[in-house]
Amino acid sequence: MLRQEQNDLLTQTGPGTPMGKLFRRNWIPALLAEELPENDCPPVRVTLLSERLLAVRDSQGRYGLIDEFCAHRGVSLWYGRNEENGIRCPYHGWKYDVEGRCVEVPSEPPETGFCDRIRLTNYPLVELGGILWAYMGAPDRRPALPEWEFARVPQSQSYTSKRLQECNWLQAMEGGIDSSHVSWLHRGNLNSDPLFKGAKGNQYNLSDTKPIFDVVEAEGGLFIGARRNAEDGNYYWRITPWVMPSFTMVPPRGDHPVHGHFWIPIDDHNCWAWSFDYHPVRDLTPTELQAMKDGKGVHVRYVPGTYRPLANKDNDYLIDRAAQKAGHSYSGVEGIGMQDASLQESMGPIADRTRENLTSTDNGIVMARMRLMKAARMLDEKGIDPPGVLPEHQRVRSAAVILPPTKPFAEAARDALRVREGVPQSSV
Ligand code: FES
Ligand SMILES: [Fe+2]
(Lines give C-alpha, C1' and ligand atoms only; values in the text may rest on other atoms or scores of the structure.)
(Ligands and ions follow the chains in the order given, each with its own letter.)
Protein backbone atom coordinates (compact mmCIF):
# COMPACT_ATOMS: atom_id res chain seq x y z
CA MET A 1 0.00 0.00 0.00
CA LEU A 2 1.21 3.50 -0.75
CA ARG A 3 0.21 6.93 0.41
CA GLN A 4 -1.43 9.10 -2.22
CA GLU A 5 1.63 11.32 -2.58
CA GLN A 6 3.83 8.26 -3.11
CA ASN A 7 1.50 6.99 -5.79
CA ASP A 8 1.61 10.40 -7.46
CA LEU A 9 5.40 10.49 -7.28
CA LEU A 10 5.72 7.11 -9.00
CA THR A 11 3.07 7.53 -11.65
CA GLN A 12 3.59 11.10 -12.89
CA THR A 13 6.26 11.47 -15.56
CA GLY A 14 5.56 14.82 -17.23
CA PRO A 15 8.25 17.55 -17.50
CA GLY A 16 9.63 18.61 -14.13
CA THR A 17 8.28 15.65 -12.12
CA PRO A 18 10.82 13.53 -10.20
CA MET A 19 9.91 10.30 -12.06
CA GLY A 20 9.82 12.24 -15.32
CA LYS A 21 13.37 13.37 -14.63
CA LEU A 22 14.38 9.77 -13.90
CA PHE A 23 12.99 8.52 -17.23
CA ARG A 24 14.76 11.43 -18.94
CA ARG A 25 18.14 10.18 -17.72
CA ASN A 26 17.75 7.10 -19.96
CA TRP A 27 17.64 6.26 -23.63
CA ILE A 28 14.07 5.08 -24.09
CA PRO A 29 12.50 3.22 -27.02
CA ALA A 30 10.47 5.80 -28.95
CA LEU A 31 9.54 4.20 -32.28
CA LEU A 32 10.15 1.09 -34.33
CA ALA A 33 12.59 1.86 -37.14
CA GLU A 34 9.87 0.64 -39.56
CA GLU A 35 7.80 3.70 -38.66
CA LEU A 36 10.27 5.96 -40.48
CA PRO A 37 11.08 3.59 -43.35
CA GLU A 38 12.90 5.90 -45.80
CA ASN A 39 14.50 9.29 -46.23
CA ASP A 40 11.98 12.15 -46.45
CA CYS A 41 9.14 9.85 -45.36
CA PRO A 42 6.09 11.30 -43.59
CA PRO A 43 6.88 12.38 -40.01
CA VAL A 44 5.31 10.50 -37.08
CA ARG A 45 3.57 12.06 -34.09
CA VAL A 46 5.10 10.80 -30.86
CA THR A 47 3.86 11.64 -27.38
CA LEU A 48 6.41 10.62 -24.76
CA LEU A 49 6.50 11.51 -21.08
CA SER A 50 3.56 13.87 -21.75
CA GLU A 51 5.49 15.85 -24.39
CA ARG A 52 4.03 16.14 -27.89
CA LEU A 53 6.79 15.55 -30.38
CA LEU A 54 7.39 14.75 -34.01
CA ALA A 55 9.84 12.11 -35.28
CA VAL A 56 11.47 13.05 -38.57
CA ARG A 57 13.87 11.37 -41.01
CA ASP A 58 15.48 13.80 -43.41
CA SER A 59 16.85 13.56 -46.96
CA GLN A 60 20.18 12.24 -45.67
CA GLY A 61 18.65 9.63 -43.37
CA ARG A 62 19.24 11.61 -40.19
CA TYR A 63 16.68 11.14 -37.44
CA GLY A 64 15.37 13.69 -34.99
CA LEU A 65 12.65 14.22 -32.45
CA ILE A 66 11.38 17.78 -32.37
CA ASP A 67 8.50 19.76 -30.89
CA GLU A 68 5.36 18.91 -32.83
CA PHE A 69 4.34 22.56 -33.16
CA CYS A 70 5.69 25.35 -35.32
CA ALA A 71 7.35 28.21 -33.41
CA HIS A 72 5.52 30.79 -35.55
CA ARG A 73 1.88 30.30 -34.58
CA GLY A 74 1.68 26.75 -33.33
CA VAL A 75 0.61 24.71 -36.37
CA SER A 76 1.26 21.00 -36.07
CA LEU A 77 4.31 20.21 -38.17
CA TRP A 78 2.87 16.74 -38.80
CA TYR A 79 1.10 18.46 -41.71
CA GLY A 80 4.43 19.74 -42.93
CA ARG A 81 6.42 18.99 -46.07
CA ASN A 82 9.47 16.84 -45.42
CA GLU A 83 11.85 18.03 -48.13
CA GLU A 84 15.50 18.93 -48.72
CA ASN A 85 16.84 18.18 -45.25
CA GLY A 86 14.10 19.70 -43.22
CA ILE A 87 10.43 19.89 -42.46
CA ARG A 88 8.60 22.92 -43.74
CA CYS A 89 5.49 24.23 -42.00
CA PRO A 90 2.73 24.28 -44.60
CA TYR A 91 1.18 27.47 -43.19
CA HIS A 92 3.83 30.14 -43.95
CA GLY A 93 6.80 28.02 -44.97
CA TRP A 94 9.08 28.17 -41.93
CA LYS A 95 11.55 25.31 -42.18
CA TYR A 96 13.29 23.27 -39.46
CA ASP A 97 16.06 20.70 -39.55
CA VAL A 98 15.97 17.39 -37.58
CA GLU A 99 17.66 19.09 -34.65
CA GLY A 100 14.87 21.66 -34.40
CA ARG A 101 16.93 24.54 -35.83
CA CYS A 102 14.94 27.00 -37.85
CA VAL A 103 16.74 27.15 -41.19
CA GLU A 104 14.41 29.42 -43.14
CA VAL A 105 11.74 32.04 -42.45
CA PRO A 106 10.68 33.08 -45.97
CA SER A 107 9.15 36.39 -44.88
CA GLU A 108 12.31 37.66 -43.16
CA PRO A 109 15.53 38.58 -45.00
CA PRO A 110 18.36 36.25 -43.85
CA GLU A 111 20.53 39.24 -42.83
CA THR A 112 18.15 40.07 -39.96
CA GLY A 113 19.26 36.85 -38.17
CA PHE A 114 15.64 36.28 -37.13
CA CYS A 115 15.66 32.64 -38.09
CA ASP A 116 18.87 31.93 -36.12
CA ARG A 117 17.10 32.84 -32.90
CA ILE A 118 14.38 30.20 -33.35
CA ARG A 119 14.92 26.67 -32.14
CA LEU A 120 12.37 24.01 -31.32
CA THR A 121 12.66 21.60 -28.41
CA ASN A 122 14.63 18.70 -29.83
CA TYR A 123 16.00 15.37 -28.71
CA PRO A 124 18.41 12.90 -30.28
CA LEU A 125 16.89 9.84 -31.91
CA VAL A 126 19.21 6.93 -32.69
CA GLU A 127 18.60 3.61 -34.46
CA LEU A 128 19.80 0.50 -32.67
CA GLY A 129 18.47 -3.02 -33.08
CA GLY A 130 15.52 -1.96 -35.24
CA ILE A 131 14.37 0.56 -32.63
CA LEU A 132 14.66 4.34 -32.57
CA TRP A 133 15.82 5.35 -29.11
CA ALA A 134 15.25 8.83 -27.72
CA TYR A 135 17.13 10.68 -25.03
CA MET A 136 15.04 13.47 -23.54
CA GLY A 137 17.37 14.65 -20.79
CA ALA A 138 20.01 17.37 -20.47
CA PRO A 139 22.33 17.28 -23.53
CA ASP A 140 25.49 17.53 -21.42
CA ARG A 141 24.56 14.42 -19.44
CA ARG A 142 23.71 12.17 -22.36
CA PRO A 143 24.58 8.57 -21.41
CA ALA A 144 26.22 5.91 -23.57
CA LEU A 145 23.90 4.14 -26.02
CA PRO A 146 21.85 1.21 -24.64
CA GLU A 147 23.54 -2.14 -24.15
CA TRP A 148 20.44 -4.35 -23.80
CA GLU A 149 21.33 -7.70 -25.30
CA PHE A 150 18.16 -7.96 -27.41
CA ALA A 151 19.10 -4.75 -29.21
CA ARG A 152 22.76 -5.71 -29.63
CA VAL A 153 22.51 -9.24 -31.10
CA PRO A 154 22.32 -9.56 -34.91
CA GLN A 155 18.87 -8.58 -36.20
CA SER A 156 18.23 -12.16 -37.38
CA GLN A 157 18.20 -13.22 -33.71
CA SER A 158 15.75 -10.64 -32.44
CA TYR A 159 12.18 -9.38 -32.96
CA THR A 160 10.54 -6.39 -31.25
CA SER A 161 6.96 -5.16 -31.28
CA LYS A 162 5.10 -2.41 -29.45
CA ARG A 163 1.48 -2.03 -28.44
CA LEU A 164 -0.56 0.75 -26.97
CA GLN A 165 -1.51 0.07 -23.37
CA GLU A 166 -4.26 2.29 -22.01
CA CYS A 167 -3.11 2.72 -18.43
CA ASN A 168 -0.29 4.22 -16.42
CA TRP A 169 3.16 2.71 -16.99
CA LEU A 170 3.66 1.56 -13.39
CA GLN A 171 0.81 -0.93 -13.11
CA ALA A 172 1.92 -2.42 -16.44
CA MET A 173 5.52 -2.72 -15.25
CA GLU A 174 4.39 -4.22 -11.95
CA GLY A 175 2.75 -7.04 -13.94
CA GLY A 176 6.15 -7.74 -15.47
CA ILE A 177 7.81 -8.38 -12.12
CA ASP A 178 4.94 -10.36 -10.62
CA SER A 179 5.72 -13.83 -11.85
CA SER A 180 3.24 -15.48 -9.46
CA HIS A 181 0.40 -14.67 -11.88
CA VAL A 182 1.87 -16.95 -14.55
CA SER A 183 0.58 -20.08 -12.80
CA TRP A 184 -2.93 -18.59 -12.92
CA LEU A 185 -3.58 -16.11 -15.67
CA HIS A 186 -1.35 -17.74 -18.29
CA ARG A 187 -1.75 -21.39 -17.29
CA GLY A 188 -3.83 -22.18 -20.39
CA ASN A 189 -1.03 -20.90 -22.64
CA LEU A 190 2.02 -22.65 -21.22
CA ASN A 191 1.34 -25.88 -23.06
CA SER A 192 -0.30 -24.42 -26.15
CA ASP A 193 1.46 -21.20 -27.17
CA PRO A 194 4.08 -22.06 -29.82
CA LEU A 195 6.61 -19.75 -28.12
CA PHE A 196 6.12 -21.34 -24.68
CA LYS A 197 5.11 -24.98 -25.06
CA GLY A 198 7.26 -28.04 -24.58
CA ALA A 199 9.59 -26.71 -21.87
CA LYS A 200 10.12 -28.88 -18.83
CA GLY A 201 9.85 -25.79 -16.63
CA ASN A 202 6.19 -25.39 -17.60
CA GLN A 203 5.33 -28.45 -15.54
CA TYR A 204 6.84 -26.93 -12.38
CA ASN A 205 4.90 -23.74 -13.08
CA LEU A 206 1.66 -25.64 -13.36
CA SER A 207 2.17 -28.10 -10.51
CA ASP A 208 3.34 -25.60 -7.89
CA THR A 209 1.10 -22.55 -7.89
CA LYS A 210 2.43 -21.16 -4.62
CA PRO A 211 5.89 -19.83 -5.45
CA ILE A 212 8.12 -18.47 -2.71
CA PHE A 213 9.73 -15.16 -3.62
CA ASP A 214 13.26 -14.08 -2.89
CA VAL A 215 14.23 -10.62 -4.09
CA VAL A 216 17.80 -9.32 -4.13
CA GLU A 217 19.19 -5.96 -5.09
CA ALA A 218 21.16 -5.69 -8.31
CA GLU A 219 23.29 -2.77 -9.51
CA GLY A 220 20.62 -1.60 -11.93
CA GLY A 221 17.53 -2.66 -9.98
CA LEU A 222 16.50 -6.07 -8.72
CA PHE A 223 16.68 -9.77 -9.38
CA ILE A 224 13.33 -11.27 -8.48
CA GLY A 225 13.53 -15.00 -7.83
CA ALA A 226 10.39 -17.16 -7.72
CA ARG A 227 11.00 -20.62 -6.31
CA ARG A 228 8.84 -23.64 -7.04
CA ASN A 229 9.31 -27.26 -6.06
CA ALA A 230 11.13 -29.56 -8.46
CA GLU A 231 12.17 -33.22 -8.08
CA ASP A 232 14.22 -34.68 -5.22
CA GLY A 233 13.82 -31.71 -2.92
CA ASN A 234 15.42 -29.32 -5.44
CA TYR A 235 13.97 -25.98 -6.43
CA TYR A 236 12.99 -24.63 -9.84
CA TRP A 237 13.94 -20.96 -9.83
CA ARG A 238 12.58 -18.41 -12.27
CA ILE A 239 14.62 -15.24 -12.03
CA THR A 240 13.39 -11.95 -13.49
CA PRO A 241 15.75 -9.00 -13.74
CA TRP A 242 14.23 -5.56 -13.39
CA VAL A 243 16.38 -2.63 -14.42
CA MET A 244 15.30 0.83 -13.53
CA PRO A 245 12.99 2.35 -14.50
CA SER A 246 11.02 -0.16 -16.55
CA PHE A 247 12.98 -2.95 -18.21
CA THR A 248 12.06 -6.52 -17.35
CA MET A 249 12.91 -9.91 -18.80
CA VAL A 250 10.77 -13.00 -18.48
CA PRO A 251 12.69 -16.12 -17.44
CA PRO A 252 13.28 -18.44 -20.41
CA ARG A 253 11.57 -21.74 -21.19
CA GLY A 254 13.55 -24.51 -22.88
CA ASP A 255 15.30 -23.30 -26.03
CA HIS A 256 12.54 -20.82 -26.87
CA PRO A 257 13.64 -17.25 -27.54
CA VAL A 258 13.74 -15.12 -24.39
CA HIS A 259 11.30 -12.27 -24.08
CA GLY A 260 10.87 -9.14 -22.10
CA HIS A 261 9.41 -5.68 -21.97
CA PHE A 262 9.89 -1.99 -21.56
CA TRP A 263 6.99 0.15 -20.38
CA ILE A 264 7.37 3.71 -21.56
CA PRO A 265 4.93 6.43 -20.51
CA ILE A 266 3.08 8.23 -23.29
CA ASP A 267 1.33 10.34 -20.68
CA ASP A 268 0.15 9.48 -17.17
CA HIS A 269 -2.83 7.46 -18.49
CA ASN A 270 -1.22 5.57 -21.37
CA CYS A 271 2.03 3.78 -22.10
CA TRP A 272 3.79 1.83 -24.81
CA ALA A 273 4.32 -1.80 -23.94
CA TRP A 274 7.45 -2.77 -25.85
CA SER A 275 7.87 -6.53 -26.23
CA PHE A 276 11.04 -8.16 -27.48
CA ASP A 277 11.97 -11.76 -28.20
CA TYR A 278 15.51 -12.82 -28.98
CA HIS A 279 17.84 -15.77 -28.84
CA PRO A 280 21.34 -15.00 -27.58
CA VAL A 281 23.16 -17.48 -29.86
CA ARG A 282 21.02 -18.44 -32.83
CA ASP A 283 18.74 -16.97 -35.49
CA LEU A 284 15.02 -17.02 -34.87
CA THR A 285 13.46 -19.76 -36.99
CA PRO A 286 10.93 -18.79 -39.69
CA THR A 287 8.25 -20.54 -37.59
CA GLU A 288 9.14 -18.53 -34.48
CA LEU A 289 9.23 -15.28 -36.41
CA GLN A 290 5.87 -15.98 -37.99
CA ALA A 291 4.35 -16.80 -34.57
CA MET A 292 5.63 -13.46 -33.22
CA LYS A 293 4.20 -11.57 -36.19
CA ASP A 294 0.91 -13.43 -35.69
CA GLY A 295 0.66 -12.11 -32.12
CA LYS A 296 1.71 -15.22 -30.22
CA GLY A 297 3.77 -15.22 -27.03
CA VAL A 298 4.09 -11.71 -25.65
CA HIS A 299 3.11 -10.09 -28.96
CA VAL A 300 -0.42 -9.14 -30.07
CA ARG A 301 -2.53 -8.63 -33.16
CA TYR A 302 -3.46 -5.05 -34.03
CA VAL A 303 -6.29 -2.93 -35.28
CA PRO A 304 -5.03 -2.68 -38.89
CA GLY A 305 -2.79 0.31 -39.53
CA THR A 306 -2.25 1.02 -35.81
CA TYR A 307 -0.36 -0.28 -32.81
CA ARG A 308 -3.58 -0.57 -30.82
CA PRO A 309 -4.39 -4.20 -29.98
CA LEU A 310 -7.29 -5.76 -31.86
CA ALA A 311 -8.63 -6.95 -28.50
CA ASN A 312 -8.99 -3.76 -26.50
CA LYS A 313 -11.11 -2.19 -23.80
CA ASP A 314 -13.77 -1.05 -26.28
CA ASN A 315 -14.62 -4.68 -27.11
CA ASP A 316 -13.95 -6.15 -23.64
CA TYR A 317 -10.80 -7.70 -25.08
CA LEU A 318 -12.99 -10.15 -27.05
CA ILE A 319 -13.40 -12.18 -23.87
CA ASP A 320 -14.63 -15.71 -24.62
CA ARG A 321 -16.65 -16.96 -21.65
CA ALA A 322 -16.94 -20.46 -23.13
CA ALA A 323 -13.13 -20.74 -23.40
CA GLN A 324 -12.87 -19.43 -19.83
CA LYS A 325 -15.31 -22.04 -18.59
CA ALA A 326 -13.70 -24.86 -20.54
CA GLY A 327 -10.26 -23.88 -19.21
CA HIS A 328 -8.76 -23.31 -22.68
CA SER A 329 -7.80 -19.93 -21.37
CA TYR A 330 -7.88 -18.99 -17.71
CA SER A 331 -9.40 -15.52 -18.15
CA GLY A 332 -11.11 -16.05 -21.50
CA VAL A 333 -8.87 -13.44 -23.16
CA GLU A 334 -6.68 -14.74 -25.95
CA GLY A 335 -2.92 -14.38 -25.84
CA ILE A 336 -0.47 -13.73 -23.03
CA GLY A 337 0.09 -10.06 -23.90
CA MET A 338 -3.61 -9.18 -23.86
CA GLN A 339 -4.31 -11.30 -20.80
CA ASP A 340 -1.88 -9.03 -18.97
CA ALA A 341 -3.00 -5.78 -20.58
CA SER A 342 -6.73 -6.44 -20.09
CA LEU A 343 -6.37 -6.86 -16.34
CA GLN A 344 -3.87 -4.03 -15.92
CA GLU A 345 -6.13 -1.63 -17.83
CA SER A 346 -9.11 -2.83 -15.78
CA MET A 347 -7.46 -1.26 -12.70
CA GLY A 348 -8.27 2.17 -14.18
CA PRO A 349 -5.96 4.74 -15.78
CA ILE A 350 -3.87 5.00 -12.59
CA ALA A 351 -4.14 2.14 -10.07
CA ASP A 352 -5.15 3.38 -6.63
CA ARG A 353 -2.36 1.94 -4.49
CA THR A 354 -3.80 3.41 -1.29
CA ARG A 355 -6.41 0.65 -1.32
CA GLU A 356 -4.48 -2.52 -2.11
CA ASN A 357 -3.70 -5.49 0.18
CA LEU A 358 -0.32 -6.94 -0.69
CA THR A 359 1.11 -10.39 0.10
CA SER A 360 4.58 -11.91 0.10
CA THR A 361 4.31 -12.65 -3.64
CA ASP A 362 4.29 -8.87 -4.13
CA ASN A 363 7.74 -8.41 -2.56
CA GLY A 364 9.36 -7.62 -5.89
CA ILE A 365 6.80 -4.91 -6.52
CA VAL A 366 7.26 -3.42 -3.05
CA MET A 367 11.04 -3.31 -3.42
CA ALA A 368 10.87 -1.88 -6.93
CA ARG A 369 8.63 0.96 -5.72
CA MET A 370 10.99 1.72 -2.82
CA ARG A 371 14.00 1.80 -5.10
CA LEU A 372 12.23 3.99 -7.66
CA MET A 373 11.09 6.48 -5.05
CA LYS A 374 14.54 6.67 -3.53
CA ALA A 375 16.28 7.04 -6.90
CA ALA A 376 13.80 9.69 -8.08
CA ARG A 377 14.37 11.73 -4.91
CA MET A 378 18.16 11.39 -5.07
CA LEU A 379 18.15 12.58 -8.66
CA ASP A 380 15.68 15.39 -8.03
CA GLU A 381 17.31 16.70 -4.87
CA LYS A 382 20.99 15.91 -5.36
CA GLY A 383 21.43 15.24 -9.07
CA ILE A 384 22.64 11.69 -8.42
CA ASP A 385 22.20 9.39 -11.41
CA PRO A 386 19.69 6.56 -10.93
CA PRO A 387 20.63 2.89 -11.34
CA GLY A 388 20.12 1.56 -14.85
CA VAL A 389 21.78 4.41 -16.73
CA LEU A 390 25.20 2.75 -16.92
CA PRO A 391 25.72 0.21 -19.72
CA GLU A 392 26.96 -2.44 -17.26
CA HIS A 393 23.60 -2.31 -15.47
CA GLN A 394 21.92 -3.23 -18.74
CA ARG A 395 23.92 -6.36 -19.50
CA VAL A 396 21.61 -8.70 -17.59
CA ARG A 397 19.67 -11.83 -18.47
CA SER A 398 16.76 -13.69 -17.00
CA ALA A 399 17.29 -17.34 -16.07
CA ALA A 400 15.39 -20.49 -15.18
CA VAL A 401 17.48 -22.99 -13.21
CA ILE A 402 17.20 -25.99 -10.91
CA LEU A 403 19.18 -25.53 -7.70
CA PRO A 404 19.64 -27.52 -4.52
CA PRO A 405 17.78 -26.03 -1.55
CA THR A 406 20.97 -24.95 0.21
CA LYS A 407 22.09 -22.56 -2.55
CA PRO A 408 20.91 -18.92 -2.60
CA PHE A 409 19.91 -18.18 -6.20
CA ALA A 410 21.79 -14.91 -6.48
CA GLU A 411 25.07 -16.69 -5.81
CA ALA A 412 24.41 -19.97 -7.61
CA ALA A 413 23.00 -18.28 -10.73
CA ARG A 414 25.36 -15.30 -10.81
CA ASP A 415 26.84 -16.16 -14.23
CA ALA A 416 23.45 -17.08 -15.66
CA LEU A 417 22.16 -13.58 -14.84
CA ARG A 418 24.66 -11.65 -16.92
CA VAL A 419 25.20 -11.39 -20.65
CA ARG A 420 27.83 -13.81 -21.86
CA GLU A 421 28.55 -13.53 -25.54
CA GLY A 422 28.23 -16.81 -27.40
CA VAL A 423 26.73 -18.58 -24.38
CA PRO A 424 23.04 -19.51 -24.51
CA GLN A 425 20.54 -18.54 -21.85
CA SER A 426 20.28 -20.74 -18.74
CA SER A 427 16.94 -22.39 -19.13
CA VAL A 428 14.83 -25.39 -18.13
S1 FES B 1 2.48 28.62 -38.25
FE2 FES B 1 4.17 27.60 -39.09
S3 FES B 1 4.96 28.97 -40.54
FE4 FES B 1 3.27 30.01 -39.65
FE1 LIG C 1 1.74 -11.90 -17.59
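Being of a type in the set (Ser, Thr, Tyr), open to solvent by less than 20 Å² (accessible area, probe 1.4 Å), farther than 23 Å from Trp272 by Cα and under 31 Å from the mean Cα position of the chain (by Cα), is that true of even one residue in region 92-103?
Let us first name the residues in region 92-103 that are of a type in the set (Ser, Thr, Tyr), namely 96.
Checking which are open to solvent by less than 20 Å² (accessible area, probe 1.4 Å) leaves us with 96.
Right, trim to farther than 23 Å from Trp272 by Cα and you get 96.
Still in the list and also under 31 Å from the mean Cα position of the chain (by Cα): 96.
Yes: region 92-103 contains one or more residues that are of a type in the set (Ser, Thr, Tyr), open to solvent by less than 20 Å² (accessible area, probe 1.4 Å), farther than 23 Å from Trp272 by Cα and under 31 Å from the mean Cα position of the chain (by Cα).
Condition check ((1) away from ligand 2 (no atom under 14 Å from the Cβ); (2) out of contact with any strand residue (DSSP E or B) (no Cβ under 8 Å at 6 or more places or on another chain); (3) closer than 21 Å to Thr160 by Cβ) across all residues:
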| position | (1), (2), (3) |
| --- | --- |
| His299 | no, no, yes |
| Pro304 | yes, yes, yes |
| Leu310 | yes, no, yes |
| Tyr330 | no, yes, no |
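From Pro110, Pro124, Pro106, which residue is near ligand 1 (Cβ under 9 Å from one of its atoms) and open to solvent by 30 Å² or more (accessible area, probe 1.4 Å)? Residue meeting the stated conditions: Pro106.
Out of region 62-75, which residues are surrounded by 15 or more Cβ atoms within 10 Å (Cβ to Cβ) and near ligand 1 (Cβ under 9 Å from one of its atoms)? Across region 62-75, the qualifying residues are Phe69, Cys70, Ala71, His72, Val75.
Evaluate the following for Gly348: is it in contact with a Cys (Cβ under 8 Å, 6 or more places away or on another chain), on the phi > 0 side of the Ramachandran plot and open to solvent by 10 Å² or more (accessible area, probe 1.4 Å)? Criteria met by Gly348. Pairing residues of region 13-41 that are at negative phi and without any contact (Cβ under 8 Å) to a residue 24 or more places away in the chain with residues that are in a helix (DSSP H, G or I) and open to solvent by 20 Å² or more (accessible area, probe 1.4 Å), at Cβ distances under 9 Å and at least 6 apart in sequence or on separate chains, gives Thr17/Asp8; Thr17/Leu9; Thr17/Asp380. So, in region 250-262, how many residues would count as being open to solvent by 20 Å² or more (accessible area, probe 1.4 Å) and either within 18 Å of the chain's Cα centre (by Cα) or under 14 Å from Pro146 (Cα atoms) (or both)? The qualifying residues number 1. Of all residues in region 195-226, which are of a type in the set (A, V, I, L, M, F, W, C) and in contact with a helix residue (DSSP H, G or I) (Cβ under 7 Å, 6 or more places away or on another chain)? Answer for region 195-226, where residues must be of a type in the set (A, V, I, L, M, F, W, C) and in contact with a helix residue (DSSP H, G or I) (Cβ under 7 Å, 6 or more places away or on another chain): Leu195, Phe196, Leu206, Phe213, Val215, Val216, Leu222, Phe223, Ile224, Ala226.
Assess whether Glu381 counts as being in a helix (DSSP H, G or I), more than 22 Å from Met244 (Cβ to Cβ), charged (D, E, K, R) and away from ligand 1 (no atom under 16 Å from the Cβ). No, not satisfied. Restricting attention to region 384-406, the residues that are crowded, with 19+ Cβ neighbours inside 10 Å and part of a helix (DSSP H, G or I) total 2. With the structure loaded, tell me whether Leu164 is over 24 Å from Thr287 (Cβ atoms), in contact with a Phe, Trp or Tyr (Cβ under 8 Å, 6 or more places away or on another chain) and more than 13 Å from ligand 2 (Cβ to nearest atom) or whether it fails that test. For Leu164, the condition - over 24 Å from Thr287 (Cβ atoms), in contact with a Phe, Trp or Tyr (Cβ under 8 Å, 6 or more places away or on another chain) and more than 13 Å from ligand 2 (Cβ to nearest atom) - is met. Applying the criterion of being in contact with an Asp or Glu (Cβ under 7 Å, 6 or more places away or on another chain) and open to solvent by less than 20 Å² (accessible area, probe 1.4 Å) to the residues of region 76-90, the residue that is nearest to ligand 1 (Cβ to nearest atom) is Leu77. Scanning region 310-365 for residues that are more than 21 Å from Lys293 (Cβ to Cβ), β-branched (Val, Ile, Thr) and in contact (Cβ under 8 Å) with a residue 24 or more places away in the chain yields Ile350, Thr354, Thr361, Ile365. The single condition from (1) under 25 Å from the mean Cα position of the chain (by Cα); (2) in a loop (DSSP other than H, G, I, E, B) that Leu132 fails is (2).
Report whether or not Phe114 is more than 16 Å from ligand 2 (Cβ to nearest atom) and touching a residue at least 60 places away in the same chain (Cβ under 8 Å).
On the way: more than 16 Å from ligand 2 (Cβ to nearest atom): yes; touching a residue at least 60 places away in the same chain (Cβ under 8 Å): no.
Considered against the rule, which asks whether it is more than 16 Å from ligand 2 (Cβ to nearest atom) and touching a residue at least 60 places away in the same chain (Cβ under 8 Å), Phe114 comes out as no.
When region 407-420 is examined, which residues are found to be open to solvent by 30 Å² or more (accessible area, probe 1.4 Å) and either at pLDDT 95 or above or out of contact with any helix residue (DSSP H, G or I) (no Cβ under 9 Å at 6 or more places or on another chain) (or both)? Give the steps one after another, and end with the answer.
Within region 407-420, the first condition is being open to solvent by 30 Å² or more (accessible area, probe 1.4 Å), and the residues that meet it are 407-408, 410-412, 414-415, 418-420.
Within region 407-420, Lys407, Pro408, Glu411, Ala412, Arg414, Asp415, Arg418, Val419, Arg420 meet the criteria.
Would you check if there is a residue in region 315-326 being small (Gly, Ala, Ser), surrounded by 14 or more Cβ atoms within 10 Å (Cβ to Cβ) and at pLDDT below 95?
Scanning region 315-326 turns up at least one residue that is small (Gly, Ala, Ser), surrounded by 14 or more Cβ atoms within 10 Å (Cβ to Cβ) and at pLDDT below 95.
The values are calculated or read from the model by the stated rules, or taken from the named source; none is laboratory data. Every value quoted in this text rests on a predicted model; they were computed, and no experiment measured them. All Cβ positions, glycine included, derive from the backbone under ideal geometry; neighbour counts span all protein chains shown. All accessible areas refer to the heavy atoms of the entire protein, side chains included, with ligands and DNA or RNA removed. Shrake-Rupley method; radii C 1.70, N 1.55, O 1.52, S 1.80 Å.
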